[in-house]
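The values are calculated or read from the model by the stated rules, or taken from the named source; none is laboratory data. Everything numeric in this text was worked out from a predicted model, so none of it was measured. Cβ coordinates were reconstructed from backbone atoms using ideal geometry, including for glycine residues, and neighbour counts include every protein chain displayed. Ligands, DNA and RNA are stripped out before the accessible areas are found, and what is left, the full protein with its side chains, is counted by its heavy atoms. Shrake-Rupley method; radii C 1.70, N 1.55, O 1.52, S 1.80 Å.
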Amino acid sequence: MWKDMEECQNKLSLTGTETLTDSNAQLSLLIMQVKCLTAELSQWQKETPEMIPLNEEILVTLGKEEFQKLRNDLELVLSTIQSNNEKLKEDLERIFNELKTKMRDIKEFKEKLLVTLGEFLEDHFPLPDRNVKKKKKNVQESTAQLITLHEMLEILLNRLFGVPHDPYVKISDSFWPPYIELLLRNGIALRHPEDPTRIRLEAFHQ
């Protein structure tokens, strides 16, 4: 029972920490009840019958009655634990399924959001054309190796979440300088304090 519960708790820990809901509070109460019942069962198992200095017939009669009472008590405790165990499993499965549903919804929303963002960036922030290059001499002669603003953001975002202890990305020739300045001026990206050739995405989620 505890092994199954720990396995479910490990799965739940992967989905993040949330504020306790009514179901979580009930689950915690059930866990405490199971622990109390388990401790009570363990105490019963440790107890030994007291030896009463009576004749053999009375001793046998009292021994049978005490044994039967102990047996009934243990069966009651066991039945209660099994019942709570089933309820606990049901609660864990229900909470886990709810979290999976939430995670699936969040993933779908994230994908739709990225698609919408990509379409917006492609429409309003395309790659520079040849006319722009002729007016600005500092722009690279070939646009073949330049990447879109959307791709730049994806690189910075993947670095931020993939390597959070070192989120900086080396500015390559594929990054169009006007887009770099756009991200820096609007606080979307930050330069490395000691290396101006490296930038990172601002951690808005923290």
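Couple of notes before you dig in:
- Efficiency of FRET between MET103 and PHE161 - r from beta-carbon atoms, R0 22 angstrom, step 0.05: 0.90
- Hydrodynamic radius of the range 149-201 per Kirkwood, over alpha carbon pairs, in Å: 10.9
- Of the residues LEU76, ASN97, LEU121, the one whose Cα sits farthest towards the positive end of the charge dipole of the range 62-126 is LEU76 (charges of +1 on Lys and Arg Cβ, -1 on Asp and Glu Cβ, taken about the Cα centre).
- Residue-normalised accessible area of the range 149-201, expressed per residue, 1.4 Å probe, Å²: 56
- The convex hull drawn around the Cα atoms of the range 62-126, when projected onto a plane and averaged over every direction, covers 5.1 nm².
- Where labels lie 7 Å past Cα in the beta-carbon direction, separation of LYS64 and THR197 in nm: 9.5
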